[in-house]
1. In whole Hz and in residue order, list the ³J(HN,Hα) couplings for the range 299-316 that follow from phi through the Karplus curve 6.51 cos²θ - 1.76 cosθ + 1.60, θ = phi - 60°; x for Gly and Pro.
2. Please turn the phi angles of the range 158-175 into ³J(HN,Hα) values with the Karplus equation 6.51 cos²θ - 1.76 cosθ + 1.60 (θ = phi - 60°), one per residue in order, whole Hz, x for glycine and proline.
3. Using mean Cβ contacts within 10 Å as the protection proxy, how do 250-258, 30-38 order, highest first?
4. Please list, in chain and number order, the residues 5+ apart from residue 59 or on another chain whose amide H is under 5 Å from its amide H, with Hs placed from the backbone.
5. Hey, can you rank 286-296, 228-238 by average C-beta count inside 10 Å, highest first?
6. Where does the charge balance sit around residue 21 when Lys and Arg score +1, Asp and Glu -1, over other residues with C-beta under 10 Å from its C-beta?
Amino acid sequence: MMKPKSTGTVLHVASGDARQTLAGFLRAKLEGASWSRIQKLVRSRHVMIHGNICTDVARRLQEGEVVKVLPEAAVAPPRADDVRVVHLDDAVVVVEKPAGLTTTRHAEERDWPARRRQVQPTLDELLPAVVQRHLDGRSRRGPAPRGAERVGPRRLPTVRAVHRIDRETSGLLVFARTVPAERILAEQFRAHTTQRRYLAICIGRVEAGTIISHLVRDRGDGRRGSSDGEEGKRSVTHVVPVEHFANDFTLVECRLETGRTHQIRIHLAESGHPVCGERVYSAPRGSEIVDRSQAVRVALHAADLGFVHPVTGENLQFSSPLPADIVRLIKRLRGLSAGRRGVRRPPGGHANVSAADTSPHPADHRPAGPAPADHRPAEPAPEPADDGDDDHLDD
């Protein structure tokens, strides 16, 4: 039998393969594979279709779909229990999204038959139950906190997404709970008055700087990227190194002056410093950059979120600690560095980045710079593509 490569076996569904079942398609493509072996591969989370795990051997394939057979079983998707409520009141809910969970279902996917849809629920589909569970637990503990007295069990309006972060990115998101709150938050994102800070681990030694380009939906190969001229949307990312590792990796802070789909990932990759774990955007041709970080996903985390409360007018600021997988990666890179030249931190960089830190780069030490302008109105549905690292809903 043809075994999956170390990076996975990628198979494209041609016109002659359309309408085949997934099991039949794999049986034909994987030489020598038995029906039982194919069923085991699919049901044990070794097969992806267009980036989503598929465990249905009878799923009918469509022309143009991409099937990937993984060398190792994919981890189980995040569940509602993995979503943490950071703040909740009548108007808004702020949550920490785990990596591996899509923020919202794309518009075209909502119209697909149930079988063809991504099996895994999205954050906005899980969130009503998460909020209800939080409310139920709070009611058992006693009176609601100040500012949320009118919130009670079983009074759960539909949550309304006003921005999103991509599936592999972890970190903070705010959802509106009422139409007026949705409108006001969307206006803040349009006016670029929200505060957003990301942390990422990148390949190479990254220095402080500002990346400016015009991003287009198709750079010529079907992927987003920067245009050669001024075609596309002006995009600005401010990058500051937080910690250099001797083995040519850097923990960086990214602040967005604009917020385009995949802006951070594109800008860092095009500058020659792809985010560790990146599989879509590569460094410029000829750079021959190899990712030896062993990152299990795109090492990008939405660490800080700030906005004005749509009802009270209060300035709210939230911080999210680095998740365990990124902390483990940092510790491993530090260990490798210690075996060579030792860890090197830029002036102002903070050494103690751990899962317990609420802000690895505290606000009073943040470099000056324009507030990130990163989000967009919630009326249009999100586009049918991977979520963005700082993705407006109408970009």
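Any read-out appearing in this document is the output of simple, stated calculations on the displayed coordinates, not a laboratory observation. Worth saying up front: this structure is predicted, and the values here are computed from it rather than measured. Every residue, glycine among them, receives a Cβ derived from its backbone with ideal geometry; neighbour counts consider all protein chains shown.
1. In residue order, the calculated couplings are 7, 9, 9, 7, 8, 10, 9, x, 7, 8, 4, x, 10, 7, x, 6, 7, 9 Hz.
2. My calculation for the range 158-175 gives 5, 6, 10, 6, 10, 7, 8, 10, 6, 4, 7, 7, 9, x, 8, 9, 10, 10 Hz in order.
3. Details: 250-258: 24.1, 30-38: 13.8.
Highest to lowest by the protection proxy: 250-258, 30-38.
4. 22, 23
5. So the peptides 286-296, 228-238, ranked by packing, come out 228-238, 286-296.
6. Computed value for this residue: +3.
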